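Here the structure comes first, spelled out in structure tokens, and everything after it is commentary.
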Amino acid sequence: MSDTNPETTPGTAPEPQNAAINPGSTVSLCIMSGKGGVGKTNLALNLGLCLRDMGHKLLLMDCDLGLANLDVLLGLTPEKNLQDLLGGGVEPADVLLHVEDGLDILPAASGVPELVEMDQNQRDALFESLTDLIKGYAFLLLDLGAGISGTVLALARMAQMRVVLVTPEPTSLTDGYAIIKVLNAKFGVRDFCVVVNQATAKEAQDTFQRLNMACKNFLGFELVHLGHIRLDRTLTQAVIAQTPLARFAPECPAIKDIRVLAERISHYREQNLEAISGRKALKEFLPGATARNP
């Protein structure tokens, strides 16, 4: 077990480094995977906290519609969720959960098939209702469900950055390639960042190279290796304690790796603010877009 930071009590948040770092527009970033159980929700939550600690204001949206668990990881019981928002008569601010200064979440629901099977009109109505709310954040993080359902593909298509999370397991790699292939075939999406979870640096590099080679040979484009996250047994303890790993053990190996990812993503936002300012945080994908390197 990794030691916690002696200056940070588990479960408490440090002050943001720079509360005024958020001028400009919102960047939408989705975290997705072809296979379930690879750590998407833990990455989304802890990446959001690391970006928040850097001074960015975050909205984390649980888009695993029907099997939501962001609130579970935080030990929260939302009174309302996205199902209520879709039902009408509820404002987005009524659904919003304040986690810490600089980090809010929009919780989804569990065991609700109609959320998983939303049609295009329902998705459009949902995000139209969130337009004004989203504007107040530097980042909108979308924690997508696993697989290639219509809702997952539609949300991944609209996001400005796409992070595909894989592990070195062959099934994860195969399913990760599948979601990239489907998004490319259906919508022409060609820009993806890859994070390898539960891996050493060498395992991560080997895993990325295999996935990248498949995309290069069969789809005609290359991926961006955003980074990797080491296997860290402390994560299990944090999940049981319903405390984000970034607060439970802020100096553990996995969080150090996630901070590196946060720094690269923050750099991407600052380097591309001018281009981002003319787009919606959730936009229709423009065919022919070139790969972006954070």
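In the range 214-222, the count of residues that are at positive phi, modelled with pLDDT of 95 or more and surrounded by 14 or more Cβ atoms within 10 Å (Cβ to Cβ) is zero. Candidates in the range 150-172 are the residues that are at pLDDT below 95 and assigned to a loop (DSSP other than H, G, I, E, B); of these, the one that is surrounded by the fewest Cβ atoms within 10 Å (Cβ to Cβ) is A159.
If you check Q198, Q205 for being surrounded by fewer than 22 Cβ atoms within 10 Å (Cβ to Cβ), at pLDDT 95 or above and out of contact with any Gly (no Cβ under 9 Å at 6 or more places or on another chain), only one passes: Q205. Suppose we keep only residues that are in a strand (DSSP E or B) and of a type in the set (A, V, I, L, M) within the range 53-98. Which one would you say is surrounded by the most Cβ atoms within 10 Å (Cβ to Cβ)? Step by step, filter the range 53-98, then rank; the result is L60. Within the range 209-236, being aromatic (F, W, Y) and either in contact with an Asp or Glu (Cβ under 7 Å, 6 or more places away or on another chain) or within 15 Å of R162 (Cβ to Cβ) (or both) holds for one residue alone: F221.
The values are calculated or read from the model by the stated rules, or taken from the named source; none is laboratory data. Only a predicted model underlies this, so the values are computations on that prediction, with no experimental measurement involved. A quick note on method: Cβ atoms are made from the backbone with ideal geometry, for glycine too, and the neighbour counts reach across all protein chains shown.
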